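Asks: Input: one structure, supplied below.
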2 protein chains.
Amino acid sequence: MAEETTEAGTAEKSRTDENVIYVGHKPPMSYVLAVVTQFNVSGSDEVVIKARGRAISTAVDAAEIVRNRFITDAKLKEIKIGTESLTNEDGRTSNVSSIEICLTKKKK
Amino acid sequence: MAEETTEAGTAEKSRTDENVIYVGHKPPMSYVLAVVTQFNVSGSDEVVIKARGRAISTAVDAAEIVRNRFITDAKLKEIKIGTESLTNEDGRTSNVSSIEICLTKKKK
């Protein structure tokens with residue numbers, strides 16, 4: 001999400017970061033568009049949708065909209081849930097739940 | 001979901017409805033308590049947490065709290081996501097995402 005200034009595009013090729021869509025507080029359709037673009041324009045055969053906290057339901061919405069309306073041959077490869085510890089400015093730690101939804105599409 | 005009038009307790013043993021916790025808009029801890037009770041008091045070795053729409057994040061929170069704090073030997077057996085069509089009073093249909101998180105605990 002950060003450092004996308006100079007060599008971001010090339011440096012990220014080794015990591016799978018390029019295939020990861022981080023879901024936040026925009027409407028689900030914004031992320032649907034990002035996922036569909038990732039599959040169709042970038043030609044990825046796997047896209048991971050990640051979200052934390054309240055955005056988890058938006059992530060599920062986005063994944064379902066992609067599967068049901070846009071890329072009907074996409075499969076749910078894996079769904080993981082977890083907990084992340086976040087420390088805020090005043091040093092307090094809070095736990096937040098997270099989700100990772102991995103969608104795959106067969107190459108034609 | 002129906003027929004829990006007379007012989008509910010006994011009749012439901014075959015069905016798994018008893019092991020299903022439906023998550024709504026209460027705080028996650030309410031559902032954590034329900035899940036823990038289901039494992040420890042009712043002696044289930046499998047509990048399914050279900051939620052729709054905005055409650056999906058609460059369901060993930062509840063599952064994570066159970067796993068990390070209360071029943072640390074509980075395993076995530078399966079996570080399913082889906083879409084349900086709801087028809088409201090004035091006949092309009094809307095789609096809502098759903099999640100099912102299946103937790104299992106080994107018998108000691």
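Asks: Report the gain in length on full extension from A:Thr72 to A:Thr104: 0.36 nm times residue separation, minus Cα-Cα distance, nm rounded to one decimal.
Replies: 10.4 nm is the gain from fully extending A:Thr72 to A:Thr104.
Asks: Next up: Using alpha carbon centroids, what distance separates region A:65-108 and region B:44-108, in Å?
Replies: 15
Asks: If packing is taken as the average number of other Cβ atoms within 10 Å across a peptide's residues, how do A:17-25, B:38-46 rank, most packed first?
Replies: The peptides rank, most packed first, as A:17-25, B:38-46.
Asks: Rounded to whole Hz and in sequence order, give me ³J(HN,Hα) for region A:95-100 from the Karplus expression 6.51 cos²θ - 1.76 cosθ + 1.60, θ = phi - 60°, writing x for Gly and Pro.
Replies: 8, 9, 7, 9, 9, 10
Asks: Extending each Cα 7 Å along its Cβ direction at B:Asn95 and A:Lys80, get the distance between those two points in nm, one decimal.
Replies: In this crude label model, B:Asn95 to A:Lys80 measures out at 2.7 nm.
Asks: Related question: Step through the table entries A:Lys106/B:Lys26; A:Lys106/B:Lys105; A:Lys105/B:Lys26; B:Lys26/B:Lys75, compare each Cα-Cα distance with 31 Å, and write down the pairs that go over it.
Replies: Cα-Cα > 31 Å for A:Lys106/B:Lys26; A:Lys106/B:Lys105; A:Lys105/B:Lys26; rest within.
Asks: Of all the accessible heavy-atom surface of region A:17-104, with the other protein chains kept in place and a 1.4 Å probe, what percent is carbon and sulfur?
Replies: C and S atoms contribute 47 percent here.
The values are calculated or read from the model by the stated rules, or taken from the named source; none is laboratory data. This is a predicted model, so every value here is computed, not measured. Glycine gets a Cβ as well: all are built from the backbone with ideal geometry, and neighbour counts include every protein chain shown. Surface accessibility is based on the protein's heavy atoms, side chains included, excluding ligands, DNA and RNA. Shrake-Rupley method; radii C 1.70, N 1.55, O 1.52, S 1.80 Å.
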